[in-house]
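**Student:** Encoded as C-alpha cells, here's the structure I'll be asking about.
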Amino acid sequence: MEKELKNNLSLINVDEMKVLFLKYGVIVGFLILIVTATILYPGFLSTTNIMNMYSQLAIVGVMSIGMTFVLLTGGLDMSVGGIYASSAVLYAIFANSMPIGVAMITTVVCGVAAGAFNGLLITRFRVTAFIATLGTGSIFTGIALLVSNANPIFVQKEGFKWLGSGGLVGLPVSVILLFTLYIIAGIVLAFTVYGRSIYAVGGNPEASRLSGLKVKLLTSSTYIISGACASIAGLIIASRLGQGQANIGETITLDVIAAVVIGGTSLAGGQGAIWRTVVGGSVLIALSNIFDSMALSPYWQSIFTGVIIIAAVMFDFYTRSKLSKIGKA
C-alpha cells in the first residue's frame, strides 16, 4: 500500500512538472537565449543595447498587443500591415494641416474604423477572418498608395518626431508607450469581465453564446483593438522617419504574428496572455540583435524567423495535445 502511494505521488510530481514545462517553457527558452546572447555578444545586457532593442520592438510590439486579442478569439488579422502603412501616411497628411495632437487622434480613429470594418465582414457577413483581413489589408495599402501617390509625405512641423524619436525621464517615448500598453492590455485580459469573455469566446464560441455572451460583438471588438494598435504603430514609424510612406507594411504582419505565437498564445484561440506576447516579442528582438551583431544576412534572418514560427506553432499543437491528455488544458 505504501509503495503504491509513493508511486502515485511520483506520477503526480512528474505530471505536474510536465504541465509546468509545457505552460512556461517559453520563459526557460528566453533565459537560455539571454545567456547565449551574453556569451556571443558581451554588450547584450548593457542599458543602451536594451533600450535600443525595445525601441526597435516598439512598432511590432504595439501591433502584437492587438493581434493577441484577435488570436485569443481564434481569429487572425492579416490587415495590420495595411492599416499600419495607411496610418503612417494619413498621420503625415493630417499633421501638415492640423495640430499634432488632433492629427494623432484622427489617425487612430481611422484605424479603429478599419478594425470595425474587419469585424463587420467577419461577424455579420461571415467572411473567413483570413480572407477578409487579407483583402482589407490590400485595400488599406492601396488607399495609402493612392492618397500619397506612392511618394513619401514629409512633415517638418515641430514636435512631429517626438513620439518616435523623443525621450522622457531618460527613456525613449516609444518604449514608455509600448510598456504602458502592455500593462493596460495585461490588466484588461487578466482582471476584467471583458478579458474573461474574450478567453471564453476563443475557448468555445457556441458555449459562450448559449451562456449569454455577445460573441459577435466581442469578436468585432478585438479587430477594433487590433486596428487601433496598428494605427498607433503607424504614428510611431511616421514620427521616427519624419514622413509617411505607403510601402512600409509589406512584411511586418509576419513579425507581429511571430511575436505573439512565439510567446505561446495559441492560434486555436482561448489560450495565451499579454505577458507571453512580451516574452515572444523579446525573443524576436533579441534574436534580431544577435544576428545583427554577427553581421548575418537579412535573408538568413528571414529564414530563421520562418523556422521559429513553424516550430512555435508545432509546439503549440503538441502542448495542447499533451495538456489535454494530462487533463490540464
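**Student:** Just the accessible area per residue of the chain, please: how many Å² with a 1.4 Å probe?
**Tutor:** 49
**Student:** If you don't mind, another one. Within the range 83-108, what residues put their amide N at less than 20 Å from the label point 7 Å along the Cα-to-Cβ vector of PHE154?
**Tutor:** Under cut-off, by backbone N: 88-98, 100.
**Student:** Keeping all protein chains in position, work out how much accessible area LEU171 exposes to a 1.4 Å probe, and write it in Å² to the nearest 10.
**Tutor:** LEU171 exposes around 70 Å² with every protein chain in place.
**Student:** Using the reciprocal of the averaged 1/r over all distinct C-alpha pairs, how large is the Kirkwood radius of the chain in Å?
**Tutor:** Mean inverse Cα-Cα distance, inverted, gives 20.8 Å.
**Student:** Can you give the net charge of the other residues whose Cβ lies under 12 Å from the Cβ of SER174, counting K and R as +1 and D and E as -1?
**Tutor:** With Lys, Arg at +1 and Asp, Glu at -1, the neighbours total +2.
**Student:** Which FRET efficiency value, to the nearest 0.05, do you get for TYR318 and ALA116 by plugging their Cβ-Cβ distance into 1/(1 + (r/R0)^6) with R0 = 35 Å?
**Tutor:** 0.45
**Student:** Express in nm, to one decimal, how much length is gained between THR251 and ARG209 on full extension, taking 0.36 nm for each residue of separation and deducting their alpha carbon distance. Write down the numbers at each step before the final one.
**Tutor:** Working: separation 42, 0.36 × 42 = 15.12 nm, distance 3.57 nm.
Additional length available on full extension: 11.6 nm.
**Student:** Now for a different question. Residue separation times 0.36 nm, minus the C-alpha to C-alpha distance between VAL147 and LEU217: what's the value?
**Tutor:** 22.1 nm
**Student:** Tally up the carbon and sulfur contribution to the accessible surface of the chain as a whole percent, 1.4 Å probe, everything protein left in place.
**Tutor:** Carbon and sulfur: 69 percent of the exposed surface of the chain.
**Student:** Over the Cα atoms of the range 144-256, what radius of gyration and what Dmax do you get, in Å?
**Tutor:** 18.3, 55
The values are calculated or read from the model by the stated rules, or taken from the named source; none is laboratory data. Quick caveat: nothing in here was measured; it's all calculated off a predicted structure. Reconstructed Cβ throughout: ideal geometry from the backbone, glycine too, with neighbour counts over all protein chains shown. In case anyone asks, the SASA skips ligands and DNA or RNA and just uses the protein heavy atoms, side chains included. Shrake-Rupley method; radii C 1.70, N 1.55, O 1.52, S 1.80 Å.
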